[in-house]
Structures are given as structure tokens and as C-alpha cells.
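Since the structure comes first, as C-alpha cells, the remarks are kept for the end.
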Amino acid sequence: MDKKVSKIKNGLNGEITIPADKSISHRAVMFSSLANGKSIIKNFSNGADPHSTLEIFKKLGVEFNFTNDELHIISNGKLTPPCQNLDCGNSGTTMRLTSGILAGQNFNSVLIGDESLSKRPMKRIIEPLTLMGAKIESNDNKAPLRFVGQRLSGIEYKTPIASAQVKSAILLAGLFADGKTKVTEPYLSRNHTELMLSYMGANIKTDNTTTIIEKSILEPKTIEICGDISSAAYFIVAGLIVPNSKIILKNVGLNPTRTGIIDVVKAMGGHIEILNEKVVSNELLGDIKVEYSKLKACEISGDLIPRLIDEIPVITVLATQAEGTTTIKDAQDLRNKESDRIFAVVTELKKLGANIEEAPDGMIIYGKTSLTGNTTVGTYHDHRLAMSLYVAGLICEKEILINEFDWINISFPEFERLFTNLLT
Ligand code: S3P
């Protein structure tokens with residue numbers, strides 16, 4: 001489906017509730033499947049990616065029922081051998097985290113993915129899991145991944161990149177391994193795995209960038225999932241760059257390992273306020289108020305990168321509207337996401353009239369530029385690129401056409417309806 005987007009005349013106004021966090025939804029399904037008893041997930045994501053995870057755990061013998069908007073999960077804490085390949089679709093989180101779980105089972109299994117996922121690097125998890133004793137066959141370190149179930153032993157491992165998927169794969173394998181498993185990362189990546197495993201009674205301890213886990217029995221729990229700050233990001237940026245906007249985004253996850261975008265907005269001088277903070281199911285959440293602002297450029301690098309990794313495409317759109325030169329560095333792993341996000345963002349935003357350059361590990365954006373639009377852009381089968389281009393389209397002088405816009409369903413099927421709710 002192609003999508004036409006045109007300039008918004010009267011600003012975005014009002015309040016919306018941001019749908020469930022994708023990362024937390026994946027983990028809620030996986031960890032509840034490993035618990036012995038009935039777990040309840042409130043506010044499970046409608047995105048295609050978390051549903052890929054759910055389908056996989058069904059094939060591993062776990063029972064799922066949707067009742068009154070709640071997802072009930074019934075498990076005896078043990079997975080059963082699947083009779084078919086397990087399809088992760090487009091979801092890197094599904095493939096990498098499930099690998100950690102499958103490596104230490106007493107049965108064999110195969111993980112497959114779509115065209116994009118089958119091109120993404122899996123060496124980053126194959127290497128540490130193999131050190132723990134896992135037997136994994138791959139297509140030159142890419143999917144399909146074939147697991148020959150093994151008994152695992154704990155390791156001490158320093159991850160070369162700050163990746164929550166890598167860290168989580170090792171910690172999950174550690175749940176089934178003999179002895180202690182210790183993971184240290186260069187900077188802290190999102191810590192939903194650590195928080196949820198601890199909430200479910202696992203034997204896990206974190207000290208700064210190091211986490212230690214031991215074999216544990218997980219307790220079934222009620223998990224209420226907060227809104228996804230990565231989805232809120234499109235509205236945060238739109239609210240800041242569309243003149244006459246003032247919006248409130250409700251129920252957004254504010255885990256400090258995810259709030260890099262809020263720090264960037266503050267550094268750029270944007271008007272942003274956090275309201276009604278509280279902790280639910282071991283995660284911090286609250287409401288975000290944002291309004292149209294005059295912005296200045298800033299540098300985005302180092303330990304900030306893992307705290308906003310998925311928001312970089314839309315932050316780039318924001319930077320086109322900031323006075324001065326915004327530099328994004330240390331973000332080379334963006335080239336390994338659903339698309340090469342450095343190349344894709346630079347190529348497509350240039351078409352819209354942005355003054356932007358590609359660097360090996362990031363981008364340089366010269367602002368403020370008025371975006372001309374009047375062109376067709378592509379999404380590279382990447383949901384985050386599709387939504388970032390939509391936000392850019394809201395301030396383009398002339399209408400734009402976004403090809404294959406339906407990739408947004410991977411994480412955020414409610415995206416357009418929520419934008420429409422804010423039109424005045
Ligand atoms: C995720 C971790 C990040 C992020 C992805 C979701 C997770 O990936 O980009 O969208 O849920 O653990 P990396 O761990 O590869 O940085």
C-alpha cells in the first residue's frame with residue numbers, strides 16, 4: 001500500500017495513549033512461557049513482530065488465550081519439541097532471544113526468518129552461545145539457525161557491542177546452564193530482560209553494565225505492558241516540528257535505558273515535560289507533553305546511542321529542523337537493522353530536500369532546512385523508515401508519496417489512526 005502525506009496546516013493537538021512496547025511484549029510471551037502456571041499479560045502489542053514470538057511459543061507447546069483484552073498464558077514451564085520450523089518473520093528480537101532459549105533445550109529446532117531477517121548477522125549470538133556449549137548450524141552465520149539441543153555451561157562474556165538482543169540471548173541461555181553466566185557490555189543497552197526476569201523471581205543481579213544469572217525457576221505473573229517510547233518518538237518529533245502543536249502522549253515507558261530521545265530533545269532546546277511517573281510491573285512509565293519548539297543542533301554519540309538506537313531515523317528528521325550541524329556518531333550497527341538505516345535515511349531524506357551526509361558510523365545533518373517534498377520515497381521494507389518519512393511528510397511544502405507504507409504493521413498498526421486523532 002502506498003501512502004500520500006501532506007503538510008499539516010493547524011498543528012497537532014490533544015492527547016493519545018501510546019500502544020504497548022514491542023521489546024517488553026516479546027519478553028512477556030517468552031518468559032511467561034518458561035514459567036510454571038498461568039501468567040496474564042495486559043496490553044500486549046498488536047505489532048506483527050510480537051505476534052511472531054507468540055506463534056513460535058505456541059509451536060513449542062505453550063497455550064495462549066486472548067480473554068477480555070488480556071493474553072493468558074498457560075505453561076508447565078517446559079517447552080516441547082516443535083514439529084515444524086519456527087518462523088521469526090521480520091523480528092530480530094524474536095530470533096536472537098529465542099536462540100538463547102532453544103540452545104539449552106533437550107530437543108532440536110530450527111529458526112527461520114523473512115528475506116530481511118535472513119540477511120542480518122547472527123554471529124553475535126552464535127559465538128557466545130557456542131562458548132556455552134550450544135550446537136548451532138547456520139547459513140554462514142545467518143538464518144536459518146539449526147539448534148541441536150545441548151547441556152550448557154555458564155560463561156563470563158564481554159559483548160563487543162551494546163546490544164540488548166545479544167545480552168538477552170546469553171542471559172536466557174544462562175537460565176538453563178550449569179553454573180553462573182556473567183555478561184558485561186561496553187555501554188548499558190535496554191534492560192527489560194533483567195527487570196522482567198527479576199520480577200519473575202529469577203536468580204539475577206545487575207551492577208552497572210554487568211549482569212550475572214543462574215539457573216532459575218520463573219514464577220508466573222501478571223505483566224502490564226507500558227506504551228512504547230519508540231512509537232511515541234514519531235509523535236514527539238511531529239509535535240516539536242509541526243507549527244502550532246501541543247500534545248500529550250500517555251502511558252509511555254520511561255525506562256532510563258530507552259529515554260535517549262528525551263535527552264536529545266532537551267539538548268536541542270525543545271519543550272518536553274514528563275508527567276505522572278509511576279512504576280508498573282517493574283518498569284517506569286509516565287505521560288509526555290511536547291509542543292512546537294525552536295530547536296538547535298547537538299551531538300549524539302557514545303553511551304547515548306543504545307538508549308535511542310531505534311529512534312535515530314526520526315531523530316534525523318528532527319535534526320533537519322534544528323539550527324546548526326547535528327552529528328550522529330558511533331551508530332555503525334544501524335547498518336545491521338531491518339535495513340541499512342544510515343544509507344536509507346540519508347538517501348530518502350535527501351529526496352525530500354534535507355541537507356544530510358552519510359558517515360561510516362552515522363550522519364551529519366545541516367539545519368534548518370525547509371523540506372520541499374513533491375516526490376516519492378521508499379521504505380526499504382523497514383517499519384521505522386516508513387514512519388519517519390511520514391513525519392517528515394507532515395512538514396514538506398508539497399505532498400509526498402511513500403511506497404509500501406504497510407511495513408508499519410511490524411511494530412505499530414495504530415500509527416495513522418493516532419495521528420488522525422490529533423488533527424484539529
Ligand atoms: C531490541 C534491541 C535493539 C533494538 C531492537 C529491539 C530488543 O537491538 O534495535 O529493535 O528488544 O532487545 P540490538 O540489541 O541489536 O541493538
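Any read-out appearing in this document is the output of simple, stated calculations on the displayed coordinates, not a laboratory observation. Computed from a predicted model, the values in this text were never measured in an experiment. Neighbour counts are summed over all protein chains in view; Cβ atoms, including those assigned to glycine, are modelled from backbone coordinates with ideal geometry.
Side notes on the structure shown:
- Gain upon complete extension [residue 358, residue 119; 0.36 nm per residue less C-alpha separation]: 83.9 nm
- Loop-located trypsin sites (Lys or Arg not before Pro) in the stretch 241-311 (DSSP state other than H, G, I, E, B) with a sparse environment of at most 15 neighbouring Cβ atoms within 10 Å: 294.
- Using only side-chain charges placed at the Cβ, +1 for Lys and Arg and -1 for Asp and Glu, the dipole size of the stretch 17-64 relative to its Cα centre rounds to 100 debye.
- Legend: distances between Cα atoms for 58/215; 351/398; 59/215; 142/182; 38/78; pairs beyond 18 Å are 58/215; 59/215; 142/182.
- A DSSP coil position with no more than 11 other Cβ atoms inside 10 Å describes none of the GluC sites (Glu not before Pro) in the stretch 353-424.
- Model label zone, residue 6; criterion: amide N under 15 Å from point 7 Å along Cα-to-beta-carbon; scope the stretch 387-418: 393-402
- Prolate/oblate/rounded call for the stretch 30-126, Cα gyration tensor, a/c under 1.5 rounded: oblate
- Taking amide hydrogens as placed 1.01 Å from N in the peptide plane, the amide H of residue 17 sits under 5 Å from those of 250, each at least 5 positions away in sequence or on another chain.
- Sites matching chymotrypsin sites (Phe, Trp or Tyr not before Pro) across the stretch 97-200 that sit in DSSP coil, with at most 14 neighbouring C-beta atoms within 10 Å: 107
- For the stretch 328-417: rounded, prolate or oblate by the Cα gyration tensor [a/c cutoff 1.5]: oblate
- For the stretch 286-345: rounded, prolate or oblate by the Cα gyration tensor [a/c cutoff 1.5]: prolate
- Distance-filtered residues of the stretch 332-362 - backbone nitrogen under 18 Å, label point 7 angstrom along residue 399 Cα→Cβ: 352
- FRET efficiency for residue 206 and residue 46, using Cβ-Cβ distance with R0 set to 25 Å, rounded to 0.05: 0.25
- Gained length - residue 271 relative to residue 76, 0.36 nm times residue gap less alpha-carbon distance: 65.3 nm
- Compared with the direct C-alpha span, the chain from residue 370 to residue 141 gains 78.1 nm at full extension, assuming 0.36 nm per residue.
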